[in-house]
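Working notes, beginning with the structure itself.
Where a number appears in this text, it was derived from the coordinates with a stated rule and is not lab data. Keep in mind the model is a prediction, meaning the values are calculated, not measured. Positions of Cβ are generated from backbone atoms using ideal geometry, with glycine treated the same way; all protein chains shown enter the neighbour counts.
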Amino acid sequence: MGVLAGSISYTRYEVVGDLPGDYRDRYLDCIRDFAFEPLRPEAEDDTSTGWVVCGELLDTEFTRDKVWLDTAWAALSLRHDRWSLPAALVRAVVAERCNEHARARDREKLTRAENEEIREQIVREMKRNALPAAAMTDLLWNLDTGCVRFWSHSNKANERFVALFEETFELKLIPRVPWVAAQNCGLSAKAIGELSELHQAEFTGGR
């Protein structure tokens, strides 16, 4: 969350690349191409990542009014779902089911292929009776300044966001750290070079 309510803590990025002249319509089509798709129990994928309307976990009906706040701002949310089955329970149920099948066939144990087939069947059964864990994170993009705000500091969430953003819009994202900001505010090459040699200081308040 973040754009419409909640935390104001976010990670900032700089967009590298030129926008097409018809970006409002073209990017709307691109967003639709990478809209979130729900996980299905019978599919092999354990995760799904895609765009949803900002602040709306279930809405993938993208329109101009929902994406473009005005001529300069775009808002979206990234949704990431994953199956989170209890590993210990899966192992226990698989072991029990494999033992039952072996006894029914008057065998000491099943083959590796048979064990794997039973495991896949049990996982599908569990998924049908469970809901995936769902997470949604907002982003706000100023197309005039090229600044993107993503409401998460999680490394994994930011990696997923950068990958999806770059694939969707065919633009590169770089973290908007102070050194990048200095490059864009007109500092001399000498000053930027000196800035790059600075080291982080710790202020612990100790004696």
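With θ taken as phi - 60° and the coefficients 6.51, -1.76 and 1.60, list the Karplus ³J(HN,Hα) couplings across region 23-33 in order, rounded to whole Hz; mark glycine and proline as x.
Once θ is set to phi - 60°, the couplings for region 23-33 become 4, 4, 7, 5, 5, 4, 5, 5, 4, 4, 5 Hz.
In terms of Cα to Cα distance under 19 Å, which aspartates and glutamates are near enough to K109, apart from those fewer than 8 places away along the same chain?
E96, E100, E117, E120
Express the C-alpha Rg of region 11-104 as a ratio against the empirical globular expectation 2.2 N^0.38 Å, rounded to two decimals.
1.69
Could you size up the charge dipole of region 87-128 around its Cα centre, putting +1 on the beta carbon of Lys and Arg and -1 on that of Asp and Glu, and report it in debye to the nearest 20?
Approximately 120 debye in magnitude.
For Y13, Y23, what's the fewest-to-most ordering of other Cβ within 10 Å of each Cβ? It would help to have the intermediate numbers written out before the result.
On the way: Y13 24, Y23 15.
Lowest to highest Cβ neighbour count: Y23, Y13.
Expected output is a single nm value to one decimal: the length gained when fully extending between E120 and L89, i.e. 0.36 nm times separation in residues minus the C-alpha distance. What is it?
Stretched fully, the E120-L89 segment lengthens by 9.8 nm.
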